[in-house]
Every structure is written in structure tokens, then in C-alpha cells.
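Take a look at the structure below.
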Amino acid sequence: MHRNTFINAPTVLTPTLRMKTAPRILFAGQITGVEGYVESAATGFLAGVNASLMDLHGQDTLLPVPPDTTAHGALVRHITGADPRHFQPMNVNYGLFPDLSGKIKKAERRRLLAERALRDLETWRMRLLPECGSGAGNGR
């Protein structure tokens, strides 16, 4: 029998993956309530960015949360905003993304969600560049 151990993230974590009762502690990976290697790596990336920003600017730094329209943001919103009484781990999927406005053919929905996610992720990344220092985003 396979059993995952995970925290009840909606009661324990902020959207920046900080522990509510001890904000200097960040969580990442399967223990946060994400399923899958990619999702675990994504939370590790976010926790790493946030830890770096906390180191650069202090523990009380307001950390940037990825937009809900991105895979990172949608997953974080799920693990930190789900009903804590019924919280269960989740893989990222298009059902976690906010709906698109207007009437859209089913065949176009995923493509449009992905295009919006990429645009919004790039905007979020560009907001992070000044925070992360001169070497961020240029392969150094």
C-alpha cells in the first residue's frame, strides 16, 4: 500500500509557502500536498526564490506569488486555499486554472489557458528580476 504524508497546507502555509506560525520556515515538495515530480520541483523553485528574497531583503519581505493563471500559481492557490476539512494532494491540471472569459470552444480552451499562463508567468518573472539581482534571468 502506498501512502503519502502531507501537511494540511491550507491551515499551515501562506501562498508564499511560508509557515503561518513561523514565517522563516518554508515548505516545498510532496509534503505540501502536491502530487508528482514536476509539482514538487515547482514548489521547490518557489520556496527557493522566496528564501533568496528573504535573505536579500529580510524575513518580513512581502514575497511575490505567481499569478493564479499560471501552473505555479494555480497549484499554490489549491494547496493554500482549499477547504482544510477536505484537503487532498493534487497534480497540476487545467481544472485548477481560473476560467477564461467569454464563450470558448472546448478544443481551444487548453491552448488559450496555456498562452495566458505563459504571458502571465513572463510578466511575473520580469517583476522578480530587480528583486533577484543583476544576474537573474540571463543565464549567469
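The values are calculated or read from the model by the stated rules, or taken from the named source; none is laboratory data. Remember, predicted model here, so these are calculated numbers, not experimental data. Neighbour counts are summed over all protein chains in view; Cβ atoms, including those assigned to glycine, are modelled from backbone coordinates with ideal geometry.
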Select from region 5-24 the residues that are touching a Pro at 6+ places or on another chain (Cβ under 6 Å) and either surrounded by 15 or more Cβ atoms within 10 Å (Cβ to Cβ) or at pLDDT below 95 (or both) and write down the one among them that is farthest from Glu39 (Cα to Cα). Pro10
What residue, among those in region 104-117 that are part of a helix (DSSP H, G or I), free of Cβ contacts under 8 Å to residues at least 12 places away in the same chain and loosely packed, with under 13 Cβ neighbours inside 10 Å, is nearest to the chain's Cα centre (by Cα)? Glu115
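Please count how many residues of region 61-93 are assigned to a loop (DSSP other than H, G, I, E, B) and touching a residue at least 24 places away in the same chain (Cβ under 8 Å). Step through it out loud before you land on a result.
First, pick out the residues of region 61-93 that are assigned to a loop (DSSP other than H, G, I, E, B): 61-70, 82-83, 87-89, 91-93.
Then keep just the ones that are touching a residue at least 24 places away in the same chain (Cβ under 8 Å); that gives 63-70, 82-83, 87-89, 91-92.
Matching residues across region 61-93 total 15.
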If we ask which residues in region 94-103 are outside any loop (DSSP other than H, G, I, E, B) and in contact (Cβ under 8 Å) with a residue 12 or more places away in the chain, their number turns out to be 2
Can you confirm whether Gly36 is modelled with pLDDT under 95 and surrounded by fewer than 18 Cβ atoms within 10 Å (Cβ to Cβ)? yes
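Pick from Ala41, Ala51: which is in a helix (DSSP H, G or I), within 24 Å of Pro10 (Cβ to Cβ), modelled with pLDDT of 95 or more and not polar (S, T, N, Q)?
Values: Ala51 fails: modelled with pLDDT of 95 or more.
Step by step, each of Ala41, Ala51 is checked, and only Ala41 is in a helix (DSSP H, G or I), within 24 Å of Pro10 (Cβ to Cβ), modelled with pLDDT of 95 or more and not polar (S, T, N, Q).
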Identify all residues within region 1-28 that are closer than 24 Å to Leu129 by Cα and free of Cβ contacts under 8 Å to residues at least 24 places away in the same chain; write none if there are none. Ile25, Phe27, Ala28
For region 54-72, what are the residues that are among the hydroxyl-bearing types (Ser, Thr, Tyr) and modelled with pLDDT under 95? Thr61
Of a type in the set (A, V, I, L, M) and touching a helix residue (DSSP H, G or I) at 6+ places or on another chain (Cβ under 7 Å): which single residue out of Leu56, Leu75, Leu112 fits that description? Leu75
Is at least one residue of region 73-84 over 14 Å from the mean Cα position of the chain (by Cα), surrounded by 11 or more Cβ atoms within 10 Å (Cβ to Cβ), modelled with pLDDT of 95 or more and more than 20 Å from Leu128 (Cα to Cα)? yes
